[in-house]
Amino acid sequence: MADIVNWAPVRRSSTRGFAVRPARTASRCDTAALASINIDQWRSLADRAVEPNAYNLADWELPLDATARDRTNASALTARAEVSADPDAGALIGLIPVISAWRAYRIPLAVLVSADPYGTLSTPLLDRDVANEAAATLLHKARAMGRHALILRNVALDGAAMKALTVALDHDGIRPHILETHVRACLDATQDADDLLRDALGVKKLKELRRQRNRLAEQGEVSFQVARAPDDVVPALETFLELEASGWKGKRGTALLQHDGDAAFIRRASPALAEREQCEIVTLRAGTTPVAAAIVLRHQDRAFYFKLGVDEKFAKFSPGVQLTLDLTRHLCADPAIALADSTAHPGHPMIDPIWRGRLAIGDVLLPLRRRSYVVPLAKAAIALRGQMRSSARRALHVIRKRQERNT
């Protein structure tokens, strides 16, 4: 099945001037290759977004789209404010990076799916001043393209963007379908960090972590360093990449440094985001030796804990936990940050006990037509695919356990 990059231009002429509602013709929507979106307009929309999502920033998505493994050549639904008959005029008011259902799930159905942004969050960018209108425009255009549904993967269920999309569907007498839901850890960064950590971990656990930190200090003075400027982010990123590749992610072949496209993506994205104060690399050192490092993204008043790498030779000192404690204090002390999203898997053994806030995240199917035969087919196919993947993961887990016992 062809992605919409290949066939969207043929359809575009039939949808120019498309009205969201007969009484309201203030906006229209285009499809385009993601790489063709004007970066300044994209950045401007992100500044006005009704809900933050660093994984949909232009300086993240464009490097990702250019080289990242299995994530290149995405398309976009883009809504614009109508200002003239010029199809390329008007401010960008909505954007969703998308791929076909075939590419996402190997399902040959007329469904669009949010593209994988590497981080586990696909909340679309909608202009806060016209969020409902932007949402309605995007959905109407997807329908005009002949699509029966739009699936958003890993979207914040209680967020402002999802509410705007729900309002747009409700106008047409349609309701969204939640395909999967879970909660993951987040940090209320408006709290006092010491009070938060004491409540989360308890006095006994914190005492044990202080003991481990003192033991780590025997290797050299322990310091927490934050790289923000692009010139500082570049070497700090290399430290992170080496740490990540040295651990279990390297053994499984999932470290960023192990794939040229992934490494190129993060090396381009991190300093570009740092130029706009949207990325920092945090590092924990014992003397001059880095023992843990992490990439943290920022968008509006939210931080996103993207990835963590540790030197497993220091595992007995809990370097990842030690870094996260310092990061917690760092974020809580920053008045610009109200909330930090762990973007971690549910039940994550390291972050869940420390960050006790919870975000509801889910995969949501947005029907674009009433009583569409495609919607139940898509739900059934995705459910079956999920069951098969779960069975495969359980089998792989058993195999790995047996291999560990035999080595």
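The values are calculated or read from the model by the stated rules, or taken from the named source; none is laboratory data. These numbers were taken from a predicted model, which means no experiment stands behind them. Quick reminder, even Gly has a Cβ in these numbers, built from the backbone with ideal geometry, and neighbours come from all protein chains shown. Heads up: the accessible areas ignore ligands, DNA and RNA and are worked out on the full protein's heavy atoms, side chains in. Shrake-Rupley method; radii C 1.70, N 1.55, O 1.52, S 1.80 Å.
Worth a mention:
- Packing around the peptides 112-119, 134-141, 196-203, taken as the average count of other Cβ atoms within 10 Å per residue, puts them in this order, highest first: 134-141, 112-119, 196-203.
- Residues whose amide H falls under 5 Å from that of VAL98, counting only those 5 or more places apart or on a different chain, are SER75, ALA76, LEU77, ALA115, with hydrogens built in the peptide plane.
- Taking the chain as the region of interest, the number of lysine pairs whose Cα atoms are within less than 17 Å, with members eight or more places apart or on different chains, is 8.
- Spacing of the two label points (7 Å from each Cα toward its C-beta) at ARG106 and ARG198, in nm: 5.4 nm
- Helical runs assigned H by DSSP (4 residues or longer) give the chain a calculated mean residue ellipticity at 222 nm of -13500 deg cm²/dmol, each run adding -39500 (n - 2.57) before division by the residue total.
- Residues whose amide H comes within less than 5 Å of that of ALA189, counting only those at least five positions distant or on another chain, are LEU339, ALA340 (H built at 1.01 Å from N in the peptide plane).
- Its alpha carbons give the chain an Rg and a Dmax of 22.3, 72 Å.
- Heavy-atom accessible surface of the stretch 288-343: percent carbon and sulfur, 1.4 Å: 56 percent
- Annotation: amide H-H contacts under 5 Å for LYS307 (H modelled 1.01 Å from N, sequence separation of 5 or more, or interchain): ILE295.
- Computed from backbone phi with θ = phi - 60° and the Karplus coefficients 6.51, -1.76 and 1.60, the 3J(HN,Hα) list for the stretch 49-65 is 4, 5, 8, x, 7, 5, 7, 10, 6, 4, 6, 9, 5, 5, x, 4, 5 Hz; x is used for glycine and proline.
- The residues of the chain have, on average, 45 Å² of accessible surface per residue, using a 1.4 Å probe with all protein chains present.
- Each Cα pair under 8 Å and six or more residues apart adds its separation to the average, and for the chain the resulting relative contact order is 20 percent.
- Within the chain: Cβ-based charge dipole about Cα centre, in debye rounded to nearest 20 (Lys, Arg +1; Asp, Glu -1): 2020 debye
- Rounded to 0.05, the FRET efficiency of the ALA229 and ARG43 pair, given R0 = 22 Å and the Cβ-Cβ distance, is 0.70.
- Here the Karplus relation 6.51 cos²θ - 1.76 cosθ + 1.60, evaluated at θ = phi - 60°, turns the backbone of the stretch 272-282 into coupling constants of 5, 5, 4, 4, 10, 6, 10, 8, 9, 10, 9 Hz, with x for every Gly and Pro.
- Against the chain, whose longest principal axis is taken from its Cα atoms, helix 39-48 shows a tilt of about 80°.
- Using a probe radius of 1.4 angstrom, the carbon and sulfur fraction of the accessible surface of the stretch 59-201 is 48%.
- Rounded to the nearest whole Hz, the Karplus-based 3J(HN,Hα) values (6.51 cos²θ - 1.76 cosθ + 1.60, θ = phi - 60°) of the stretch 244-250 follow the sequence 4, 6, 7, x, 5, 5, x, with x at glycine and proline.
- The overall shape of the stretch 206-281 is oblate: from the C-alpha gyration tensor, with semi-axes ordered a ≥ b ≥ c, the ratio a/c is 1.5 or greater and a/b is no larger than b/c.
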